[in-house]
Structures are given as C-alpha cells and as structure tokens.
1. I want to check the label-to-label distance for ALA50 and TYR136. Put each point 7 Å from Cα in the C-beta direction and report it in nm to one decimal.
2. Give me D for region 179-228 in µm² s⁻¹, whole number, from Stokes-Einstein with Rh from the Kirkwood sum over alpha-carbon pairs, 4 °C and 1.567 mPa s.
3. What residue among HIS186, HIS90, HIS62 shows peak mean-square fluctuation when the chain is described by a Gaussian network model with Cα springs under 10 Å?
4. Suppose all protein chains stay in the model; what accessible area per residue would a 1.4 Å probe give for the chain, in Å²?
5. Considering only Cα-Cα distances, which of the following residue pairs are longer than 26 Å: LYS37/LYS100; LYS37/LYS148; LYS77/LYS100; LYS205/LYS226?
6. About its Cα centre, what dipole magnitude does region 189-231 give when the only charges are +1 on Lys and Arg Cβ and -1 on Asp and Glu Cβ, stated in debye to the nearest 20?
7. Accessible area of the chain with a 1.4 Å probe: how many percent of it is carbon plus sulfur?
8. Amide H of ALA66: which non-local residues (sequence gap of 5 or more, or other chain) have their own amide H closer than 5 Å, using H built in the peptide plane?
Amino acid sequence: MRVRAVVGGLVVVLLSALLGPGAGTAEAAGVDCRHAKCVALTYDDGPAAASTGRLLDHLRAHRAKATFFMLGVQADKFPRVARRVADEGHEIANHTYAHKDLRTLSTTAVRREVSRSATAITRATGRYPSLVRPPYGAHNERVRAAIKAPVVMWSVDPRDWADRDARVVTSRVLGNVRPGSIVLMHDIHRSTADAAPAIITGLRKRGYHLVTVSELYGGTRLTPGKVYTKR
C-alpha cells in the first residue's frame, strides 16, 4: 500500500509538471457539480494589461480556474494577455465586441457585435467562445434569439465595479455564495484582482470546488437562447 501511495504521488507530481497550474487539483480532476459544492468565478470586460495579469498570477498561485467573458475590443488591444488566459486553462467566453446595450441595437447589429467579438477572441486565444454574457446583463427575447448561444448571467454580484475595495468584494462574495452560484466580477479592476486570494481561500475552507461555467453544468448541454444564472 505504501508503494502504491508513493507511486500515485509521483504520478500526480509528474502530471502537474506536464499539464501546468491546476493539474492534479480537485477542480482539474473533474468534479460532479450535481453532487459536490461548486462555484464558478467569472470575470467580465477584459482582458486588461495590468489587472488581468495580476488576477492570473493569483489564480495560478492558488491553482484555481475561472471563466473570462472577454470584450472583443480588449482582445484586439491585448492579445498576449488574452492568450495567457487561455494558455493557463481558464474558460474563454464572449461579452460582445464593444460593450453596447444589445437591446438598443437592431437584430443585425446584435449578431455583428457577437460575431465580431467571437472572431477577435478566437484570433487572440485560439479558442472559440461558445457562451455569451450580454453587457449590463441586458437582454430580451429578441436579443437572445439573435445571439444564438447560451446566455450566462449570475446569481452573486459583489458590485466590485462600484466599491473597489478588495475586502468589501471578498465579504460580499463569501456572504452570498451558495452551491451552484455564478459570481460576477470584472478583471479590469485591480481591487478585484487583489480580492481573489481571500475569495479562493474562503470558498475552499467552506468546501467549495472552483470550476468554470461549463464545468458547473457538466453533463448538461447548454441551450442557445436559454438564460443560466446558477446551477
């Protein structure tokens, strides 16, 4: 038994070295969120050069994964940062190209915002973003039909954009999260990046697994046009 344990430990170490940050963790091993306590941390409006890089440093140090809803215009501005998000194993998703209220646009313009962003994000990251989050969370039946993709919203909003204080953001996340929560944050704020270590540590102490949005719904095919706020 001791030999098997040693061998197993060596395999985990080798896999971690080969696969990079997150390999060998419970999250990377594939948790069944139908039964386990899972939460998806999501970040909007990036990538940004400094704050997104700082956030990625924290996520890597804590071997945690998140979902990034990128703006196409930002992916065009900072393709190396966008690529780093993908290379470090985070989920890539679409937040439109220029952060416009889609309800105010024609159906053709809505489709253009989403497709133009998808092209920019794919070009920068090498991954096609299949999930969409409308700017401001603003949508209606016409917009959802035009998007033709699963619409991912959230169940926890710490208002990090309004109160740029890492301690406040951490407190609001930990105070409101529940199993299956999707947490909305913004990687364009340094204070949000600085909140990540305490959020991750606090969630794990409570028995949560940090997963991507797709992992949160693992085993369930997400339907285009349908709105998802939590598991």
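1. My value for the distance between the label points is 2.8 nm.
2. Details: Rh = 12.9 Å.
Approximately 101 µm²/s, per Stokes-Einstein.
3. HIS62
4. Working: 11070 Å² over 231 residues.
About 48 Å² of surface per residue is accessible.
5. Details: LYS37/LYS100 34 Å; LYS37/LYS148 30 Å; LYS77/LYS100 18 Å; LYS205/LYS226 33 Å.
Correct reply: LYS37/LYS100; LYS37/LYS148; LYS205/LYS226.
6. Details: 8 positive and 2 negative charges, 34 e Å.
Value, rounded to 20: 160 debye.
7. Numbers: 5920 of 11070 Å².
Carbon and sulfur atoms account for 53 percent of the accessible area of the chain.
8. So ALA66 has HN proximity to GLU91.
The values are calculated or read from the model by the stated rules, or taken from the named source; none is laboratory data. As the structure is a computational prediction, the values presented were derived from the model and not from experiment. Every residue, glycine among them, receives a Cβ derived from its backbone with ideal geometry; neighbour counts consider all protein chains shown. Note: accessible area is taken over every heavy atom of the protein model, side chains too, but ligands, DNA and RNA are not part of it. Shrake-Rupley method; radii C 1.70, N 1.55, O 1.52, S 1.80 Å.
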